[in-house]
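The values are calculated or read from the model by the stated rules, or taken from the named source; none is laboratory data. As the structure is a computational prediction, the values presented were derived from the model and not from experiment. Positions of Cβ are backbone-derived with ideal geometry, glycine not excepted, and every protein chain shown enters the neighbour counts. All accessible areas refer to the heavy atoms of the entire protein, side chains included, with ligands and DNA or RNA removed. Shrake-Rupley method; radii C 1.70, N 1.55, O 1.52, S 1.80 Å.
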Amino acid sequence: MKIGLEVHVALPTKSKLFCPCSLDDAEPNTNICPICMGFPGSKPMLNEAAVESALSIANALHCRINNSMSFVRKVYFYPDLPKCYQITQMDGAIGSGGYLDIDEKKVMIRRVQVEEDPAQIVREGLLTLLDFNRSGTPLVEIVTEPDIASEEELRAFIANLRSILYYIGVDINKEIKADLNVSCAETRVEVKNVTGIKSLIAALRYEVARQNALVKAGKEIARETRGYNEKKRITESLREKETEDEYGYMYEPDLTVFNISGMRYVPPVYVSKIAEELAKGSDMSPKTIKEMTMLDRNSLELITKLKGKYKMRSIIHAIQRYKKYNEDEPRQDTIEKMISLIDAGKLLAGDAVHAIKAGRSVSIEYARLNGPEIDRVILEFLKANPHVLSEYKKRSKTANLIIDKIAKAHGLHPKEVAERLALILKRHK
Amino acid sequence: MPSYIKEFLKAEKPEGYYEALVESLHKANREYNAFNVIDENVGQSGNAMPFSTKSNICVKGVETTAGSKMLKGYIPPFNATVVERLLDSGRFAFIGETNMDEFGFGTFGVNAALPARNAFDKNYVAGGSSSGAAVATAMLKYHVALAVSTGGSISAPAALNGVVGFTPTYGTVSRYGLIDYANSLDKIGVMARNSDDARIVFDAMRGGDGKDLTCAVGNIGSKKKKKLFVIEELDRYADKTVRANFSGLLDRLSAKYDIETRNIGALDVAVEAYYILAMAEASTNLARYDGYKYGLQLKDLATRYNEFFTEARANFGEEAKRRILLGTFIRSESVKAKYYTKAARIRAIIIKRMGELLKEGFIVSPAFPMQTPKISEVERLTPVQTYATDIFTVPPNLGGFPHITFPYHYQDGMPMGAQIIGEHANDYALIDFVGEWEGEFDYRYKHNIGSL
Ligand SMILES: [Zn+2]
């Protein structure tokens, strides 16, 4: 099986690719000008922030980057395309011949190209409405070679790509948008405009099953473009595949050959590699560190700074604890205090974390209760919360919750509570 | 020769001057079709020299159609940079938009709803595609015209109407607001009654513009040359009368210049290369005209898009349709290498070889290979015969070299023009050349509308 992707990424710029129009949300057709409406006489300018962002992506994907780039006109007639050609890139693309590492494998990147988004088509009943606010939004299209061989690799590719984009500052809050090429046999089938990783996987599964069934039945797979129907979770034939011929690509003369040799770009961060380094000689696996930091710059920085000073397990644990009770990013001093408490054997609940964050002191002293006294506290709790017992019978992990709550409420050492609770629960079984 | 602009700005204008000017212009225009739009408010800019724009240069609030039915009713919401700069200078007042071949597609001015007529004899062609600009310049005493050249659309009509036609180096004048024909070839230039006026307008409109990335040539030189080159391979394209007269011109010029014959070796295929590149670009530029966004509006929006589109695009003129079809074919993947890529290579060779030669001297040639034809005569020409008449004007346009046309002789009452080509960014030297020529030559004009 060969899978290729064309991933479309909207660049995080304030204004459009070829004109100064804002990209903020606005009433339909208010962020428009003669350029993004394709008015006769208008000419494209070039948003350098978009170029820098695209350059960062191309560089992070190990692409060959020339001193200059150029654009092409891709001509096709559709109402959402104001000039009836899209300005995009081909041979003169900002980057080409790169790769992205997924675990043991390299997925080759054919091209990283800068292009403009068309207007948005809104269907309302019988009406087809056009919103040109979107027209001219800067996009980067990342075109892979058909090097992805399985669903797992597809997931890994997207996860790693998201991480690389995240560290460049390309907002990935929005769902990933991609065209998917799948060939189970000789014929390449393109599935257009799939949004979201879930749909991408579902489209892949459907397409693989469909193509394999055709092969099994001895039928031919048509070379075509299909769409993904999110409701039915199937791919559907859209039209016969246009050959590249019909787009009539031609060099875009208004943008000339654009010099990019002196332009700035954001250096890449490869979390997989960094996680390997951080895990070396530590008590944590690279996988855990990677998962934690793939889309979390602050955590990566904290771990990198604190590595060697504390046990990796404690660093990770402190950050996880902090994130459990807070929306914001932890400061280094907070995490360090938490680590010292954790290393002293204390289980830190929300109150304690908040106290540390606010700079208040947290007592390491526990209340001194003897065994029967602890038993009484536990029994009172179980009486007041009868449902926990039945829950415990279903999921033994519920015990941790009980320990947490009781220790917190009475300032007890969680270990002591755990020991007494174990005895009581044994009796209840 | 004194500048008409300076003379006009200094002169006392009688009461009601501009109103009378507009009235007589309307009257003449009914015969010559030089203008598509005459602005009645030309007098409201105070003491300012009237200037016209070719109908493919956007003027805010004024219907700008590029001579096409597809743009009927298109009122640009912005001024072209050149218009903005002329108006901002306070020395120029907009008088109207001039007639042209549809989208600039033509050599004679006849690809228009009502073709402009030659200012010397209305039975003859005005030349194209900036037909109206040339006729207007030959009719109005105090006026300058903004015209546009892609492959010779300034030189040809300027020569046929006996005015100065100046096409600057590609990239010196912003194209923002110019309705595109072929973006890598289009240049906005000037037509005027003498070289000084061409210089003043050029200075008022040239210079970098953030709205046009190709407008990047800043410093313009005036390097005088002692040599004039005649291109050997083009010699045979001129007809007998043109050749005889041109040789008379060379005799006169030889008093001041060394005249040498040289061979570039690629210029006899320049016209083919030019039309391939120009049509390819044009076919993409014309894609946007679909009958609902601006200009022509189809009434029924509820038809299927393909049919809607087909119906709308039937409104292009014949030459526009021809260039869309050929241009689209040329761009298709299966023949691209055969035509487009090869033409681009020829263009590169021409730029290199001409550029080298132009360092040593100017290239001089007739502006047009034949005597001005009658309107009835050009109707019988095939497209290829028409394209072939661009033989002298295409090479500098293909190379983006500055060139200027000036009248040098009157044959049977009709003007004949010659063309001087210079190296990139040496535009002033060409204007100086014509200034020098004017010292020994009397321009003749049949009309002097707006005389003081
Ligand atoms: Zn805009």
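In loop segments of region A:238-343 as defined by DSSP, the GluC sites (Glu not before Pro) with at most 13 further C-beta atoms inside 10 Å of their C-beta are A:Glu242, A:Glu327. The magnitude of the dipole of region A:271-357, with charges of +1 and -1 set on the Cβ of Lys/Arg and Asp/Glu and taken from the Cα centre, is near 220 debye. Have a look at A:Phe39, A:Phe71, A:Phe157 and tell me which one the Gaussian network model of chain A (Cα, springs below 10 Å) gives the largest fluctuation. Highest fluctuation of the listed residues: A:Phe39.
Remark: the A:Thr288-A:Asp343 segment gains 17.8 nm on full extension, using 0.36 nm per residue and subtracting the alpha carbon distance.
Note on chain B: antiparallel DSSP beta bridges, both residues inside, total approximately 60 percent of the bridges counted. Which of the residue pairs A:Lys324/A:Lys383; A:Lys2/A:Lys219; B:Lys187/B:Lys226 have a Cα-Cα distance greater than 23 Å in the structure shown? Table pairs above 23 Å Cα-Cα are A:Lys324/A:Lys383; B:Lys187/B:Lys226.
Each Lys or Arg adds one and each Asp or Glu takes one away; over the other residues whose Cβ falls under 15 Å from the Cβ of B:Gly96, this sums to -2. Other protein chain C-beta atoms within 10 Å of residue C-beta, averaged over A:76-89: 3. Computed with a 1.4 Å probe over protein heavy atoms only, the accessible area of B:His409 comes to about 60 Å². In region A:402-429, whose amide N lies under 14 Å from the spot 7 Å out along Cα-to-Cβ of A:Asp375? List them in ranges. The answer is A:419-428, whose backbone nitrogens lie closer than 14 Å to the label point. Simple spin-label estimate for A:Glu151 and A:Asp103 gives 1.4 nm between the two label positions (7 Å along the Cα-to-Cβ direction from each Cα). Charge tally around A:Met284: other residues with Cβ under 12 Å, Lys/Arg +1 each, Asp/Glu -1 each, net +3. The dipole here belongs to the protein assembly as shown: it is taken about the Cα centre, uses +1 on the Cβ of Lys and Arg and -1 on the Cβ of Asp and Glu, and is about 3500 debye. Taking every DSSP beta bridge that has both ends in the protein assembly as shown, the antiparallel portion is near 80%. Across the options A:Ile94, A:Gly196, A:Met45, the greatest Cα extent toward the positive end of the charge dipole of region A:2-259 (unit charges at beta carbon of Lys, Arg, Asp, Glu) belongs to A:Gly196. Charge tally around B:Arg313: other residues with Cβ under 9 Å, Lys/Arg +1 each, Asp/Glu -1 each, net -1.
Looking at region A:125-197, the GluC sites (Glu not before Pro) that sit in a DSSP loop and have at most 13 other Cβ atoms within 10 Å of their own Cβ are A:Glu175, A:Glu186.
The simple Förster model, with R0 at 51 Å and r as the Cβ-Cβ distance, assigns B:Ala314 and A:Lys2 a FRET efficiency of 0.70.
The modelled label-to-label distance for the pair A:Ala222/B:Asp121, using points 7 Å beyond Cα in the direction of Cβ, is 6.5 nm.
Counting only protein heavy atoms and a 1.4 Å probe, region A:266-330 has 55 square angstrom of accessible area per residue. Take chain B and mark each of the GluC sites (Glu not before Pro) that is in a DSSP loop with at most 15 other Cβ atoms within 10 Å; the longest unmarked stretch, sites excluded, is B:16-332. For A:Ala213 and A:Lys273, the FRET efficiency from 1/(1 + (r/R0)^6), where r spans their Cβ atoms and R0 equals 41 Å, is about 0.50. Approximating the spin labels as points 7 Å out from Cα along Cα→Cβ, the A:Glu329-to-B:Asp239 distance works out to 7.8 nm. With 31 Å as the limit, the listed pairs B:Lys321/B:Lys446; A:Lys311/A:Lys393; A:Lys43/B:Lys336; B:Lys10/B:Lys69 have B:Lys321/B:Lys446; A:Lys311/A:Lys393; B:Lys10/B:Lys69 beyond it between alpha carbons. Among the trypsin sites (Lys or Arg not before Pro) in region B:352-413, those placed in a DSSP loop whose Cβ has at most 11 other Cβ atoms within 10 Å are B:Arg380. Once the C-beta distance of B:Lys72 and B:Lys224 is scaled by a Förster radius of 45 Å, the resulting FRET efficiency is 0.40 to the nearest 0.05.
Among B:Lys223/B:Lys352; A:Lys14/A:Lys273; A:Lys337/A:Lys408, which pairs are too far apart, with a Cα-Cα distance over 30 Å? The answer is A:Lys14/A:Lys273.
A full extension of the chain between A:Leu126 and A:Ala355 corresponds to an added length of 76.5 nm, given 0.36 nm per residue minus the alpha carbon distance.
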